[in-house]
Structures are given as C-alpha cells and as structure tokens.
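In what follows, a structure is listed as structure tokens, so that the remarks can point back to it.
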C-alpha cells in the first residue's frame with residue numbers, strides 16, 4: 001500500500017477494498033497523499 | 001479504519017463512503033469524535049455496524065450530505081434531526097429505514113433548514129409524519145422529496161401539500177409504489193403547476 005501511495009502522491013480520490021490500512025497505512029496516507037479529498041472504504045477493518 | 005479517521009491523512013477529506021465496515025461500538029464512537037474530520041462534508045454509510053446515534057454527539061463534523069443505508073437510526077430520532085453535525089445538511093438519504101416511531105417528533109423538531117434533498121424511498125414512516133413533513137415551515141429550500149414505496153404516504157399527504165404554503169422551493173416529489181392515487185396526484189399538480197409529481 002505504501003509503494004502504491006508513493007507512486008501517486010497527487011491522489012485526490014482513493015478506494016480501499018478489503019484492506020486494513022492499520023497504523024502504517026494511516027501514516028502512509030498522511031505522508032504520501034496529503035491532499036486526499038475522497039475516500040471509499042469497503043470491507044476494510 | 002479508526003486510525004485513519006483520527007490521523008492527519010483525512011484533514012482535507014471532503015467525502016468518505018464506508019461500506020460493510022465491522023465497527024465495534026468503541027471504534028464507531030472514536031470515528032465520530034475524530035478531531036481531524038473537520039473538512040468532511042459528505043458521509044455515506046452502507047451496511048456498517050454503526051449507529052447514527054454516534055453522529056449526534058460529534059463535535060467536529062459539519063456535514064452537508066449524509067447517506068445512511070442499513071445503519072441503525074437512534075431511538076430518539078429527533079436527536080439526529082437537531083444534531084450540530086447535521087445542521088448544515090443539504091442532502092439526507094434514509095432509504096429503507098424503519099422510522100415508524102419518532103418520525104413525527106423528529107420532523108416537528110427538525111433544524112435541517114438547509115435541506116435541498118430528502119430521500120426516504122422504501123422507508124417505513126410513522127403514520128401522519130409525511131403530512132407534517134410536507135407542511136413544515138422550516139424546509140424552505142427543499143427541492144426534491146423522495147417518498148417512493150412509503151406505505152403511509154397517501155392522498156392525504158398530497159392534499160396536505162396542495163393546501164400548504166410551505167416547501168416553496170419544491171420542484172419534484174416521488175410517490176410511486178405508495179397508496180397514492182392518480183386522482184390525488186392530479187389534484188396536487190393542479191394546486192402546484194410548477195411541481196413535478198411522479
């Protein structure tokens with residue numbers, strides 16, 4: 001997930017399907033895509 | 001998901017759709033209390049183990065669009081319609097909800113004065129609640145009202161709207177699959193020529 005986020009640093013919308021980002025994912029989101037405006041989460045813990 | 005909700009990652013987030021998320025009660029309360037969701041304007045909850053009651057006490061949320069499907073509404077429905085987090089709602093969708101208790105009180109107490117769209121398709125409304133809704137003096141900006149499939153929406157509802165001076169901005173109302181008759185719809189069209197009645 002971190003690698004994917006690094007590849008798209010200007011991401012505005014993101015969908016997570018059956019993925020638990022956890023603490024590392026949350027940190028990666030904050031660090032790699034600071035301008036995220038739309039988030040969809042499905043079956044994600 | 002709570003870690004994300006409470007992280008800086010969502011500071012600029014404007015829209016969040018959550019589907020089939022197995023929130024525990026504590027997790028959901030933490031989500032609603034998140035201090036970093038202040039930019040969020042659209043929240044869509046589908047089939048989540050959450051309750052709309054959590055939104056009632058949310059301090060930092062200022063929503064403009066709320067969509068609840070297969071999410072428990074609070075026993076005190078009025079609390080949702082007067083919650084600070086919901087005061088600026090433009091769109092509210094409560095499709096398929098059971099509002100057979102407390103809907104009259106909730107509509108009477110509602111502070112949702114910015115509402116432009118209210119979607120209640122297949123919702124079980126308390127008897128008499130629809131009449132209160134269509135004669136509400138607070139819904140001055142409501143443009144679209146979805147009542148498709150509501151079993152307690154009848155010609156009495158349409159006649160109440162026809163006789164009401166309220167809901168001045170209403171452009172379209174949906175009443176298919178209700179006990180409403182074609183005659184009732186025609187009376188409403190005659191009383192409000194600018195209104196589309198389906």
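The values are calculated or read from the model by the stated rules, or taken from the named source; none is laboratory data. What you are looking at is a predicted structure, and each value in this text was computed from that prediction instead of being measured. Neighbour counts are summed over all protein chains in view; Cβ atoms, including those assigned to glycine, are modelled from backbone coordinates with ideal geometry.
Descriptive notes on the structure:
- Evaluation of residue B:20 against (1) modelled with pLDDT of 85 or more; (2) on the phi > 0 side of the Ramachandran plot; (3) within 14 Å of the chain's Cα centre (by Cα) (one fails), failing number: (3)
- Strands (runs of 3 or more DSSP E) fully within region B:51-147 counting 1 or more residues that are over 13 Å from the mean Cα position of the chain (by Cα), touching a residue at least 40 places away in the same chain (Cβ under 8 Å) and surrounded by fewer than 22 Cβ atoms within 10 Å (Cβ to Cβ): none
- Of all residues in region A:27-43, those being part of a strand (DSSP E or B) and either more than 7 Å from chain B (Cβ to nearest Cβ) or touching a helix residue (DSSP H, G or I) at 6+ places or on another chain (Cβ under 6 Å) (or both) number 0.
- Checking each residue of region B:176-186 against the condition of being modelled with pLDDT of 95 or more and touching a strand residue (DSSP E or B) at 6+ places or on another chain (Cβ under 7 Å) gives at least one match.
- Scanning region B:8-40 for residues that are crowded, with 19+ Cβ neighbours inside 10 Å and part of a loop (DSSP other than H, G, I, E, B) gives B:13, B:21, B:23, B:34, B:37, B:40.
- Test: residue B:43 is surrounded by 19 or more Cβ atoms within 10 Å (Cβ to Cβ), modelled with pLDDT of 90 or more and within 14 Å of chain A (Cβ to nearest Cβ): yes
- Across region B:183-196, the number of residues qualifying as under 20 Å from residue B:121 (Cβ atoms) and either under 20 Å from the mean Cα position of the chain (by Cα) or surrounded by fewer than 19 Cβ atoms within 10 Å (Cβ to Cβ) (or both) comes to 3.
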